[in-house]
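Everything on this sheet refers to the single structure shown next.
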Amino acid sequence: MIRTLQGLRFVFMLLIVLSHIIGSSFDFGGECGVAFFFMLSGFVLSLAHGGKVQAGTFSTLRFMGRQLLKFYPLHLLTLVAFVWLDARMGRFYDWQHLLPNILLLQSWIPSEEYFFVANGASWFLCDILFCYSVFALSFRWLNRLPPKRLATAGGGVAVLYFSLAFDIPAESVNSVLYAAPWLRIIDFSLGILVCRLFRSESRSRLSQRIRQTDIRPWEVLAVVWPVVSFFAYGALSPRLRCAALFWVVLPPLLLFFAEADGSRGYLVRLLSSPLLQWLGGISLEIYLLHMLVLRETHTLLRYASLDTPWLAGTVTLLACIPVAWLVKRWVTDRIFKVVSRSKVVSRSKV
């Protein structure tokens, strides 16, 4: 495990949570965080399973089954919670909107009535499942192409993307450019390419440069780079900033922190600290639960006549962490262990 990247899980998850607490004035946090997790998934899968893909021993169905077992029970739990809470307030969902959500197909339908229904954060699960389904194919293709042909293919994808981005209606930007699985595969593929560079021969030269120089100025640059992108975000069209901006910003950041793991920089040591490692380990649960926690926080504070934005945001941040830890320990991890154990037992009997 690359400890710096584990710590970054929580940092970018915090950006996503803050974007929902603050609102549209901080959409940057959500869009940046989402792009990071798609790229991180491509990177981590390539690093962990790339050898199996090349050897022909990687099973896409088995891998997807294990991943579903990790997050699908919590997805259903939060979905039921939202439906139940809304029903108590007299708001009811159309079953046609709920069914794609239950099947994790909601992002394929370009309408916010489908992919933001109930626990709106779950659209990410639909997209990441699609990325998992094409991982082996994408990994082989992206690692076989020589650099020149890879650059040509990348240029072709960019031309097609930007042609689409400036052609679709403004009201479809969110549902197509931001949430569509077949476009989010671009972010995921960039993570695979970062891993290709990380494992290449040129990686050793890059790693030596980082470790032979004072890493602290590089850490300052690693902080300044996303801050600059925050100001650029406000000046760009929504057609560019919801995804394409982060194709430039995040790959160098991902590569740097992967290479810097184990060095003595201040930021690297902070990301590698036991606290950030633990928080990174519950980032998925925080993601799936934070909108439910935020909603209930507003409700409770409203009853107490204390529903101010800063107080609701503070309570949500403080509550999300213990709630996510408890749910991970007593729900998701237990379900995963029980089902995994039953599968092992059934195979041994066969």
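The values are calculated or read from the model by the stated rules, or taken from the named source; none is laboratory data. Keep in mind it's a predicted model, so treat the numbers as computed, not measured. Neighbour counts are summed over all protein chains in view; Cβ atoms, including those assigned to glycine, are modelled from backbone coordinates with ideal geometry. Accessible surface areas use protein heavy atoms only, side chains included; no ligands, DNA or RNA. Shrake-Rupley method; radii C 1.70, N 1.55, O 1.52, S 1.80 Å.
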Pairs returned, first residue in the range 259-273 that is touching a residue at least 24 places away in the same chain (Cβ under 8 Å), second residue that is among the acidic types (Asp, Glu) and open to solvent by 20 Å² or more (accessible area, probe 1.4 Å), beta-carbon separation under 9 angstrom, 6 or more apart or interchain, are GLY265/ASP214; VAL268/ASP261; LEU271/ASP261; SER272/ASP261
Subset of the range 31-83, residues more than 25 Å from ALA324 (Cα to Cα) and of a type in the set (S, T, N, Q), comes to SER46, GLN54, THR57, SER59, THR60
Exercise for review: May I ask you to verify whether LEU104 is part of a helix (DSSP H, G or I), in contact with a helix residue (DSSP H, G or I) (Cβ under 9 Å, 6 or more places away or on another chain) and either at positive phi or aliphatic (A, V, I, L, M) (or both)?
Suggested key: no
Quick one: is ALA258 buried (at least 16 other Cβ atoms within 10 Å of the Cβ), over 30 Å from PRO181 (Cα atoms) and in contact with a helix residue (DSSP H, G or I) (Cβ under 9 Å, 6 or more places away or on another chain)? no
Note on the range 139-198: residues of a type in the set (D, E, K, R), within 30 Å of ALA121 (Cβ to Cβ), in a helix (DSSP H, G or I) and open to solvent by 70 Å² or more (accessible area, probe 1.4 Å) are GLU171
Among LEU301, LEU279, LEU318, LEU326, the single one that is assigned to a helix (DSSP H, G or I), open to solvent by less than 40 Å² (accessible area, probe 1.4 Å) and either at positive phi or out of contact with any Asp or Glu (no Cβ under 7 Å at 6 or more places or on another chain) (or both) is LEU279
Every listed condition ((1) under 29 Å from THR314 (Cβ atoms); (2) hydrophobic (A, V, I, L, M, F, W, C); (3) open to solvent by less than 30 Å² (accessible area, probe 1.4 Å); (4) touching a Leu at 6+ places or on another chain (Cβ under 8 Å)) holds for PHE26 save (3)
The residue from LEU306, LEU267 that alone is surrounded by 14 or more Cβ atoms within 10 Å (Cβ to Cβ), at pLDDT below 95 and over 21 Å from the mean Cα position of the chain (by Cα) is LEU267
